[in-house]
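The values are calculated or read from the model by the stated rules, or taken from the named source; none is laboratory data. It should be emphasised that the depicted structure is a prediction, and the values quoted were computed from it without experimental measurement. A quick note on method: Cβ atoms are made from the backbone with ideal geometry, for glycine too, and the neighbour counts reach across all protein chains shown. Accessible surface is based on the protein model in full, side chains and every heavy atom, while ligands, DNA and RNA are left aside. Shrake-Rupley method; radii C 1.70, N 1.55, O 1.52, S 1.80 Å.
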Amino acid sequence: MKFGFFDDINKEYVITTPATPWPWINYLGNEDFFSLISNTAGGYAFYKDAKYRRLIRYRYNNVPMDNGGRYFYIKDGETIWSPGWKPVKTELDHYECRHGLSYTKITGAKEGLKAEVLFFVPLKSWCEIQKMTLHNTSSDIKKIKLFSFLEWCLWNAEDDQNNLQRNLNTGEVEIEGSTLYHKTEYRERRNHYAFYHVNAPVQGFDTDRESFVGLYNELSEPQAVLDGKPRNSHAHGWSPIASHYLEVELKPGEKKDLIFILGYVENPDDKKWESPKVINKKPARTLIQKYDSIQKVDRAFEALKDYWVALLDGFVLESGDEKLDRMVNIWNQYQCMVTFNLSRSASYFEVGIGRGMGFRDSNQDLIGFVHQIPERARERIIDIASTQFEDGGAYHQYQPLTKRGNDAIGGNFNDDPLWLILSTSEYIKETGDYSILDEMVPFDNDESLAKPHFEHLKASFYHVVNNLGPHGLPLIGRADWNDCLNLNCFSTDPNESFQTTGNKTGGKAESLMIAGLFVVYGREFVTLCRRIGKEQDAKEAQKYVDEMVEAVKHYGWDGEWFLRAYDYYGRKVGSKENEEGKIFIESQGWCGMAQIGKEEGLIEKALDSVKERLDCKYGIVLNNPAFTKYLIEYGEISSYPEGYKENAGIFCHNNPWIMIAETMIGRGEYAWNYYKKICPAYLEDISDLHRTEPYVYAQMIAGKDASKPGEAKNSWLTGTAAWNYYAVTRYILGIRPEYDGLRIDPCIPPDWKGFNVKRKLRGTTFYIKVENPKSVSKGVVKVVLDGKVIDQNLINTFDGGRHEVLVIMG
Ligand code: BGC
Ligand code: NOJ
């Protein structure tokens, strides 16, 4: 069942009923100022950091779901309604929500009045614009009462929820004409405030929640709205809000626009005050002025649209399959931008207080983003590397506002360092810019410890080498990519998190996943060393890579697939000898991509085992059989009921690792079928089962052992976005930047006739036409560049011009 449709021309998903199977959300803002907005206008905004600078209060996991946002109430006679249906939930004559690229347009209509609200964050601005267009479609004069509403969060979203004995005393506001200012804690250490403005005179306002809503009323029935009368309240402590009251008259057929602005302002310490106790509003007025007319707002909106047109122009696919095209050309790239911006911090599943920018997460996110804005990718790589320890280890996350690492969500994950080699090498392949390796980058944010970025990569590489276990395989530490395979934690206390509890010492648990990862990015490190003339470094590193390959062959092969690990006691994990969890996906993916034992046929065998044991209707599950009881020596993975999350869920992030490995052995059909199973556009028809948005990936789809296979959770902020984009563009379509140019090496289902791709790389545009006359999966027999046959499938003409490339498979 569907709840809307894709409008590819406008690059929008159009939701046609407000009661979607789960709030279907969108993101506004691309730098500094961000908003989350659901299809009923729920959500919140923040400046840079969803924990420390949250503007709107939002109550997660509430009843009803998705409570709080920026709401409008229209009182038209005795009828009260909201354009986005919620919170009033009066049945609308017409409802539509268009989620576009960094904007959302929600339209509601009731009894001859149409209200359309366009929400967006203009480029380079610290505000959310809400452009409301009211249209009287009836033949009578309409006199309506309009109330806006949002509730201020007292900045620190965590403290906001749990320190009530203080917080119910601190709220402060100022009111000036049509602008309602929120200045809680500004008198002390804060130099920032927020405001909510409308570009029309108001006939009233409210800034105190209780006065406006009523102590025992719901947000669906604020007393002020029921009475059609604002209270003109001035908040002192309790819960400050911002609500404008406007009386609007519309002649038959008449349209009126209103511009609401939710803004954030910072003042330097010496310019905080206008006069005693009165905040300096100058920057707010300047911001308001920037968007005080429809022309200005429309121009800003056009600029945002142009921004996205330009961004998406770097990779354009025409495959003949509209679902594939819309994912590759629009939605997957868009999701990659969002994950780049927010890592795992704020979504409808991540509450924006627990997790900042993940070391491994953000490095991986870059591979789906680097082609969009390489300069921002470079800056991010440096930010991440700056938090690294001198021994190559890493904080698991850093806070976006301070850019300082912390171990609030654990540490000692031994895969973390290697992902820095992935992001850096992808950046260089995209841009050809080796200078990043020379940039001086601090360790642990201490400038006195700064070394060239290359030394960070080296530290990453040797962090593995210096932490090997009894089989010569990498020690797992707290966990590897699979945060829940906690082989050293032995937790018996339900009051501690598996992610942060102390580990039992003396264990020698080793990871085959890190082993494969090390071979892949260890080789990459060797290549980089050679390219910058560090032959000695290359030679030494190669030796360790070769040793790892041997260790995997000797101790990592279980007969039909790769083992997953050795546990604390040195026993096999992910082996036919185990009762449950006999086979895991991650080591098949990484040892597969590393091509370990290819000549001996190990890869094909391992991938056949994946097909046989892990594949199901909705994707590839993480492990099989699922764990049916808690195993203290395995940790969190066995805490989940069967089929969910890391316990045999379809963890979409790792499915593309298998797709890539399949393309490496030429099985295009397999890779493609795996791709389609988890790709959201192909799941639109089963939205009622899938539940999360059909335009973005979810982290997890319930696996075959779950009570409801196919049901997804945790959409948006997941490495799934970057890895699927990477798998489909670089390996299935095979359009792959390398150090020396653009490789074209597709691996597709044999019945594909071909496809066209426009790809920009290093300032040059390539129009690539792939033809598959012999119905093969892989193999290129002829390449014609601008009419001339060339003898390789690597294009290395970077002259800033446009080139036509014909690629014949066979
Ligand atoms: C989840 C993991 C996640 C980890 C983050 C665990 O509860 O299952 O997917 O990576 O928390 O801290
Ligand atoms: C989600 C986390 O963000 C990611 O870092 C981790 O690798 C996966 N879960 C798997 O546990």
Mean-position separation - Cα centroids, segment 738-810 and segment 434-459, in angstrom: 36
Theoretical gain in end-to-end length, N232 to I294 [0.36 nm per residue, Cα-Cα removed]: 19.6 nm
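Going down the table (K89/K290; K51/K504; K582/K645; K508/K645), which pairs top 28 Å between alpha carbons? Provide the component values of the computation, followed by the final result.
Working: K89/K290 34 Å; K51/K504 32 Å; K582/K645 17 Å; K508/K645 26 Å.
With Cα atoms farther than 28 Å apart: K89/K290; K51/K504.
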Calculated from backbone phi, Karplus (6.51, -1.76, 1.60) coupling profile of segment 599-604 in Hz, x at Gly/Pro: 4, 7, x, 5, 5, 4
Surface/4 estimate of mean projected area, convex hull on alpha-carbon atoms of segment 378-490, nm²: 7.7
10 Å-binned pair-distance histogram of the chain (Cα, whole percent): 3, 13, 22, 24, 19, 12, 6, 1, 0
Chymotrypsin sites (Phe, Trp or Tyr not before Pro) within segment 533-638: DSSP coil, no more than 11 neighbouring Cβ in 10 Å: Y569
Where trypsin sites (Lys or Arg not before Pro) fall in DSSP loop in segment 161-248, at most 13 other Cβ within 10 Å: R187, R189
Value of Rg to Rh for segment 133-174 (Rh from inverse mean 1/r over Cα pairs, i.e. Kirkwood): 1.34
Helix 535-555 vs. the chain, principal-axis angle (Cα, 0 to 90°, nearest 10): 80
Sites matching chymotrypsin sites (Phe, Trp or Tyr not before Pro) across segment 170-248 that sit in DSSP coil, with at most 13 neighbouring C-beta atoms within 10 Å: Y216
For segment 399-514, with +1 on Lys and Arg beta carbons and -1 on Asp and Glu, the positive-most of P474, Q499, Y462 along the dipole: P474
Accessible area (Å², per residue) of segment 27-137, counting only protein heavy atoms and a probe of 1.4 Å: 27
Carbon plus sulfur fraction of accessible area for segment 44-190, probe 1.4 Å, in percent: 43
Helix 374-385 vs. the chain, principal-axis angle (Cα, 0 to 90°, nearest 10): 80
Residues of segment 583-601 with amide N under 20 Å of the 7 Å Cα→Cβ point at D546: 594-600
Relative contact order for the chain, counting Cα pairs under 8 Å that sit 6 or more residues apart, in percent: 9
For segment 308-434: relative contact order, % (alpha-carbon pairs under 8 angstrom, 6 or more apart): 22
